[in-house]
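To start, the structure itself, in structure tokens.
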Amino acid sequence: MNLRCLSCQRIYPQDTYRWRCDCGGVFELEGIPGFTQDEIETGDFTLWRYRAMLPVKHEQGLISLGEGFTPLVETQVYGANIHCKLEFLAPTGSFKDRGTAVLVNVLRGMGVKRVVEDSSGNAGASLAAYAARAGIEAEIYVPAYASPSKLAQISAYGAKLVKVEGTRERTAQVVQEAAAQGAYYASHYYNPFTLEGLKTIAYEICEQLGWRAPDNLVLPVGQGNLLLGAYRGFEDLLTASLIERLPRLFAVQAEPCAPLYEAYQRGLDDAFPIEKKETVAEGISSARPVRGRQILAAVRETGGAVLAVSDEATLCARDELARRGLYVEPTSAVAIAALVQLRGLIGLEEITIVPLTGSGLKSHVI
């Protein structure tokens, strides 16, 4: 396997410590295996049942906390029939564990001893947990305004917590300066290995539906890695002739910080940096998605759309879902709020999946 720059096509070895190309482009992983149904490890009820399709050596002992194969629960919200994929039941309480589990196993195989990461909370907590499990030193840089419960979780795993005053983008700048001093930058949005782990959500959904694709996937999007990972997972299944078509992908952003929505509305191929405002959906507060071009292309190819919802609608949606026994953080609830806008676009007879990405127990927003 190698890393290829999406901008200039330059090739780098898989074990490079570079987190992006010299030209500034992001990396794509090439040489990865396709999907083979016969190679599913049916006795394993974690994402590692798809180990043959993941970029982790088979002879290597796995670092795992039991991630993946989360339940699908049917409910009705705002008149829409949906299947909720309970990603908040992951070991650290968010979907991030899918990408982190694969990434940390790859890093362990590379002999990496120290990692740094920037996060608004969930990705940092996930990396801190898996790094602790693997015996890797972790240093997590977070915006000072991040949820106290998420910061407490990061510290509990033994990671060094560095609070950065200012914007989420300032936090990324500081951690990249730290990475220049020799640590591996285990970025959940720059690193292509996380996308490989996130693809497993598509594999699981189709397997749980009896090897058929859903009609729609509605999910919160900041950097957009979950959407992009799911898209690639469905592509793998389509190539393997296990599904007949791709589901429509609906990306939902918070109105105070919606660069992908703005680009989509203007018919642009990529997002442009915006001046964002504070939002209760802190987990998707990203002013500049580094893979914005790929996300917009995936949405358009599948016949989906990019939507934006207000903070008020988000909190109402969180409460509506809680009254159905599902308690999520506001970042997850943006996808539920968008169901109001999707009336008429999504039929009651269609299968619509909404990943519930993070536990409400992580949120400080009442």
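Read-outs: derived from the displayed coordinates by stated rules, not from any lab. These figures come from a predicted structure and were not determined experimentally. Ideal geometry is used to build each Cβ from the backbone, glycine not excepted, and the neighbour counts take in all protein chains shown.
Quick notes on this structure:
- Just so you know, the Cα atoms of region 1-61 work out to an Rg and Dmax of 14.7, 44 Å.
- Value at 222 nm in deg cm²/dmol, rounded to 500, when DSSP H runs of n ≥ 4 in the chain each add -39,500 (n - 2.57): -9500 deg cm²/dmol
- Ordered by the count of other Cβ atoms within 10 Å of each Cβ, fewest first, THR167, THR42 give THR42, THR167.
- Low-density loop cleavage sites - GluC sites (Glu not before Pro) in region 273-312, where at most 14 other Cβ are within 10 Å (DSSP): GLU275, GLU278
- DSSP beta bridges confined to the chain are antiparallel in about 35 percent of cases.
- Loop-located trypsin sites (Lys or Arg not before Pro) in region 55-101, at most 13 other Cβ atoms within 10 Å (DSSP): LYS57
- Counting every other Cβ atom within 10 Å of each residue's Cβ, TRP48, TRP211 order from fewest to most as TRP211, TRP48.
- Shown here: semi-axes √(5λ) of the Cα gyration tensor in Å, derived from the displayed model; of the candidates [x] 35, 24, 18; [y] 40, 31, 16; [z] 28, 24, 20, it corresponds to [z].
- Antiparallel bridges, percent of DSSP beta bridges restricted to region 79-234 (to nearest 5): 0 percent
- For region 21-169, the C-alpha radius of gyration divided by 2.2 N^0.38 Å, with N the number of residues, is 1.18.
- Region 145-179 versus region 16-57: alpha-carbon centroid distance in Å: 27 Å
- Positive dipole terminus of the chain, leading residue within SER149, ILE201, ASN81 (C-beta point charges): SER149
- Packing-based ranking of 283-293, 171-181 yields 283-293, 171-181, ordered from highest to lowest mean Cβ neighbour count within 10 Å.
- Kirkwood radius for region 211-330, taken over all pairs of different Cα atoms as the inverse mean of 1/r, rounds to 15.0 Å.
- The relative contact order of region 97-191, computed from alpha carbon pairs under 8 Å that lie at least 6 residues apart in sequence, is 32 percent.
- Which of ARG168, ARG133 has the fewest Cβ neighbours within 10 Å, and the rest in rising order: ARG133, ARG168
- Given charges at beta-carbon only (K, R positive; D, E negative), |dipole| of region 97-191 in Debye: 220 debye
- Principal semi-axes in Å for region 97-191 [√(5λ), Cα gyration tensor, largest first]: 19, 15, 11
- Ratio of Rg to Rh over region 85-134 (Cα coordinates, Kirkwood Rh, two decimals): 0.97
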